[in-house]
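**Q** Provided herewith is a single structure, encoded as structure tokens, for subsequent inquiry.
The values are calculated or read from the model by the stated rules, or taken from the named source; none is laboratory data. This one's a predicted model, so the numbers in the text were calculated from it and none came from an experiment. Because the Cβ atoms are built from the backbone with ideal geometry, glycine has one as well, and the counts that use them run over all protein chains shown. With ligands, DNA and RNA removed, areas are computed over all heavy atoms of the protein, side chains included. Shrake-Rupley method; radii C 1.70, N 1.55, O 1.52, S 1.80 Å.
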Amino acid sequence: VYRGSVKDFQGFDASQDAEALYNAMKGFGSDKEAILDLITSRSNKQRVEICQAYKSLYGKDLIADLKYELTGKFERLIVSLMRPPAYSDAKEIKDAIAGIGTDEKCLIEILASRTNQEIHDLVAAYKDAYERDLEADIVGDTSGHFKKMLVVLLQGTREEDDVVSEDLVEQDAKDLLEAGELKWGTDEAQFIYILGRRSKQHLRLVFDEYLKISGKPIERSIRGELSGDFEKLMLAVVKCIRSTAEYFAERLYKAMKGLGTRDNTLIRIMVSRSEIDMLDIREVFRTKYEKSLYNMIKEDTSGEYKKALLKLCGGDDDAAGEFFPEAAQVAYRMWELSAVAKVELRGTVQPTGVFNDDGDAQVLRKAMKGLGTDEGAIIEVVTQRSNAQRQQILKAYKAHYGRDLMADLKSELSGSLAKLILGLMLTPAQYDAKQLRKAVEGAGTDESVLIEIMATRNNQEITAINEAYQEAYHKRLEDDLSSDTSGHFKRILVSLALGNRDEGPENLTQAHEDAKKLADVSSNDSSDSLETRFLSILCTRSYPHLRRVFQEFIKMTNHDVEHAIRKRMSGDVRDAFLAIVRSVKNKPAFFADKLYKSMKGAGTDERTLTRIMISRSEIDLFNIRGEFIDLFDKSLHRMIEKDTSGDYCKALLALCGGED
């Protein structure tokens, strides 16, 4: 099936088109509208014929005339469309390595994403256009493992058979694991050989197998093991193997998001994919970024340049606001994978091996005695002990000095650091109870805190929170939640506060029924039973079971359950259900997202940052770090470093436990 957005023009006549372009450019000023309409509605093969007809009719070079008549980005786009794809690629690469400095991103994008045939055509076009050897030029301009991998890709010898041997899949996955994660140092040659040579079909299975045996996606290992341009190249290769369309959707999104637009990237991708897989790219884009490629181009560009890009894009997918069957399949596959991977949850704070509670108590006392406070010493002890060990230090301190360590810390520390250290000294349940209490007392309620805690804690944690709450405030948590919230939101919180979610495995028949219940409601409008049915399923079923329900939901509706919630609900009810869904899908990713939002943009939401760093430090902060880097391309460590300062920063980094 043809998945491009630009098709051959019916009733095409090269000479007639050449004449139309000649007329659009003659005299004073040019008719840009006519030029763009004509060129974007012809296929590349037809444009090449127009160039030939133009030369025989007028003895002039059409590309040279277009360059003379047009300017700026619009000119680059139109001229790019006139070249055959291989010559377009050759020109991009020539520009990327000419002059001072190299545009590695452009080299990576082209060489990681092209098929064997496209690579062979590119090498030939480069030789024809510049009378130079592409491999020699790239070797002269790059170095190290980055150079080696580019040379491997330039051979265009990736295997193309779809017959996959199970044994080889297992062997390759094992070899990759042994070349990186299990080795002191990294054996880059293994990565280059396997990722550079094996067929796409084969490698997809290798990646699944790798996830199974290592508990992490291959991308995360590449980020940890490789660096610089070599790392970027290998990540691009992996992305293109998983889904070329997704790779380009992401490149397009990054080219337009934030301030400024990377026009070179935008032009290169829109031109090069317009006759290959633009429809697939649009689908993935719509699914992944919840807006259509068409709309993003429209918001981000202007003038004739915008009009021409939109013609290449070929259509707006925002109209329907839903998954395409293909995109739903992609989402479904991702679910299958996440269900298989037994990811081991790890905190970043472990009990210290040689532990002496009385010795620690003395260090803390010394740090607070006399004039001034030694914050560094306090941070070192508190962040490097497990919570159970901190509880012992509290007792030892009282036994040794007859003083209350919490009270002393409170009087010696201040600001964000005080909140962080005091929070770490409470038991997890006491800490959560305190956060919940703060969220409901006084004027106004902090719903986001209620949601974050209640939606993500397991039964044992909830039971412990209920006890800690009762003990500290002599009230039942359920009563305080009830008197402070209302409607469906209240009912969700009350249900979660019981801490009696099922804990069993999935039940397929039941999952199908549950998904149907959610789907039926999503389609008709009795809005009351909608929330009730969602509540009765999302607040009571086990996590493994809900994963299966969400998968069945995609199968039935071509929508993700999040989409249905967003579309049908609003306010706190929507936020609470979304939090539960995200927590079920991938709890570390849910927290990574909250941490990122607490720091991005102006100002830092220190309350959220402190709360999550404390409450996840012994549960899954290590996994949160991994998700953080996967989602935002920067490490949590770096972001904390950039966004906070002084002793507070020092203490957070100690909890974070490492630079990824």
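**Q** Exactly one of (1) modelled with pLDDT of 90 or more; (2) crowded, with 16+ Cβ neighbours inside 10 Å; (3) more than 24 Å from residue 217 (Cβ to Cβ) is unmet by residue 348. Its number?
**A** With (1) modelled with pLDDT of 90 or more; (2) crowded, with 16+ Cβ neighbours inside 10 Å; (3) more than 24 Å from residue 217 (Cβ to Cβ) applied to residue 348, the lone miss is (3).
**Q** Of everything in region 207-217, what is touching a Leu at 6+ places or on another chain (Cβ under 7 Å) and either touching a residue at least 60 places away in the same chain (Cβ under 8 Å) or closer than 25 Å to residue 163 by Cβ (or both)? Give them in sequence order. Outline the logic, then answer.
**A** The first filter runs over region 207-217 and keeps only residues touching a Leu at 6+ places or on another chain (Cβ under 7 Å), leaving 208, 210-211, 213-214, 217.
Correct list: 208, 210, 211, 213, 217.
**Q** Can you find a residue in region 174-191 that is open to solvent by less than 60 Å² (accessible area, probe 1.4 Å), of a type in the set (Asp, Glu), touching a residue at least 40 places away in the same chain (Cβ under 8 Å) and outside the structural domain of residue 218 (by the TED database)?
**A** Initially, region 174-191 is screened for residues open to solvent by less than 60 Å² (accessible area, probe 1.4 Å), giving 175-177, 179-180, 185-188, 190-191.
From what is left, the residues that are of a type in the set (Asp, Glu) are 175, 187-188.
Pick out the ones that are also touching a residue at least 40 places away in the same chain (Cβ under 8 Å) and you get 188.
Of the ones still in play, those that are also outside the structural domain of residue 218 (by the TED database) are none.
No; the residues of region 174-191 include none that is open to solvent by less than 60 Å² (accessible area, probe 1.4 Å), of a type in the set (Asp, Glu), touching a residue at least 40 places away in the same chain (Cβ under 8 Å) and outside the structural domain of residue 218 (by the TED database).
**Q** Counting only residues that are open to solvent by 60 Å² or more (accessible area, probe 1.4 Å) and not acidic (Asp, Glu), how many does region 125-146 have? Walk me through it before giving the result.
**A** So the first thing to find is which residues in region 125-146 are open to solvent by 60 Å² or more (accessible area, probe 1.4 Å), and the list is 127-128, 130-133, 135, 140, 143, 145.
Checking the rest, the ones that are also not acidic (Asp, Glu) come to 127, 130, 132, 140, 143, 145.
Of the residues in that region, 6 qualify.
**Q** So which helices (runs of 4 or more DSSP H) stay within region 390-451 end to end and still have 1 or more residues that are within 18 Å of residue 464 (Cβ to Cβ) and open to solvent by 70 Å² or more (accessible area, probe 1.4 Å)? Step through it out loud before you land on a result.
**A** Values: elements: 405-412, 415-425, 428-440.
Hits in region 390-451: 428-440.
**Q** With the structure loaded, tell me whether residue 225 is within 25 Å of residue 85 (Cβ to Cβ), out of contact with any strand residue (DSSP E or B) (no Cβ under 6 Å at 6 or more places or on another chain), of a type outside the set (Phe, Trp, Tyr) and surrounded by fewer than 21 Cβ atoms within 10 Å (Cβ to Cβ) or whether it fails that test.
**A** Numbers: within 25 Å of residue 85 (Cβ to Cβ): no; out of contact with any strand residue (DSSP E or B) (no Cβ under 6 Å at 6 or more places or on another chain): yes; of a type outside the set (Phe, Trp, Tyr): yes; surrounded by fewer than 21 Cβ atoms within 10 Å (Cβ to Cβ): yes.
It is false that residue 225 is within 25 Å of residue 85 (Cβ to Cβ), out of contact with any strand residue (DSSP E or B) (no Cβ under 6 Å at 6 or more places or on another chain), of a type outside the set (Phe, Trp, Tyr) and surrounded by fewer than 21 Cβ atoms within 10 Å (Cβ to Cβ).
**Q** Sticking with this one: Filter region 91-114 for residues that are aliphatic (A, V, I, L, M) and not in a helix (DSSP H, G or I); which is surrounded by the fewest Cβ atoms within 10 Å (Cβ to Cβ)?
**A** Restricting attention to region 91-114, the residues satisfying the condition of being aliphatic (A, V, I, L, M) are 93, 96-98, 100, 107-108, 110-112.
Checking the rest, the ones that are also not in a helix (DSSP H, G or I) come to 98, 100.
Values: 98: 13, 100: 4.
Out of the qualifying residues, it is 100.
**Q** Quick check on my filter: what residues within region 77-90 are over 31 Å from the mean Cα position of the chain (by Cα) and open to solvent by 40 Å² or more (accessible area, probe 1.4 Å)?
**A** Within region 77-90, 83, 84, 87 meet the criteria.
**Q** Looking only at region 529-576, count how many residues are in a helix (DSSP H, G or I), crowded, with 18+ Cβ neighbours inside 10 Å and on the phi > 0 side of the Ramachandran plot.
**A** 0
**Q** Hey, can you tell me all the residues within region 638-653 that are free of Cβ contacts under 8 Å to residues at least 60 places away in the same chain and among the acidic types (Asp, Glu)? Show your work before the answer.
**A** Pass one, region 638-653, residues free of Cβ contacts under 8 Å to residues at least 60 places away in the same chain: 638-643, 645, 649, 653.
Of everything in region 638-653, those that are free of Cβ contacts under 8 Å to residues at least 60 places away in the same chain and among the acidic types (Asp, Glu) turn out to be 641, 643.
**Q** I need a count of the residues in region 577-609 that are open to solvent by 10 Å² or more (accessible area, probe 1.4 Å) and closer than 30 Å to residue 486 by Cβ.
**A** 12
**Q** Do you know which of the residues in region 250-278 that are more than 21 Å from residue 237 (Cα to Cα) and open to solvent by 30 Å² or more (accessible area, probe 1.4 Å) is nearest to the chain's Cα centre (by Cα)?
**A** In this case the residue turns out to be 257.
**Q** Additional query: Which members of region 255-288 meet the condition of being among the hydroxyl-bearing types (Ser, Thr, Tyr) and in contact with an Asp or Glu (Cβ under 6 Å, 6 or more places away or on another chain)? Spell out how you get there, then give the answer.
**A** Restricting attention to region 255-288, the residues satisfying the condition of being among the hydroxyl-bearing types (Ser, Thr, Tyr) are 261, 265, 272, 274, 287.
Correct list: 261 only.
**Q** Here's something else I'd like to know. Please go through (1) modelled with pLDDT under 95; (2) hydrophobic (A, V, I, L, M, F, W, C); (3) buried (at least 19 other Cβ atoms within 10 Å of the Cβ) for residue 496 and return the number of the only condition it doesn't satisfy.
**A** So the condition that residue 496 fails would be (1).
Quick grid of which residues meet (1) among the hydroxyl-bearing types (Ser, Thr, Tyr); (2) touching a Pro at 6+ places or on another chain (Cβ under 6 Å); (3) modelled with pLDDT of 90 or more:
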| position | (1), (2), (3) |
| --- | --- |
| 601 | no, no, no |
| 610 | yes, no, yes |
| 620 | no, yes, yes |
| 634 | no, no, no |
| 637 | no, no, yes |
| 640 | no, no, yes |
| 647 | no, no, yes |
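**Q** Additional query: Here is a check on your reading of the model: is residue 6 under 29 Å from residue 283 (Cβ atoms), surrounded by fewer than 17 Cβ atoms within 10 Å (Cβ to Cβ) and not hydroxyl-bearing (Ser, Thr, Tyr)? Outline the logic, then answer.
**A** Details: under 29 Å from residue 283 (Cβ atoms): yes; surrounded by fewer than 17 Cβ atoms within 10 Å (Cβ to Cβ): no; not hydroxyl-bearing (Ser, Thr, Tyr): yes.
It is false that residue 6 is under 29 Å from residue 283 (Cβ atoms), surrounded by fewer than 17 Cβ atoms within 10 Å (Cβ to Cβ) and not hydroxyl-bearing (Ser, Thr, Tyr).
**Q** Considering only residues that are modelled with pLDDT of 60 or more and open to solvent by 40 Å² or more (accessible area, probe 1.4 Å), which ones fall in region 305-335?
**A** Hits for region 305-335 are 306, 307, 311, 314, 316, 318, 329, 330, 333, 334.
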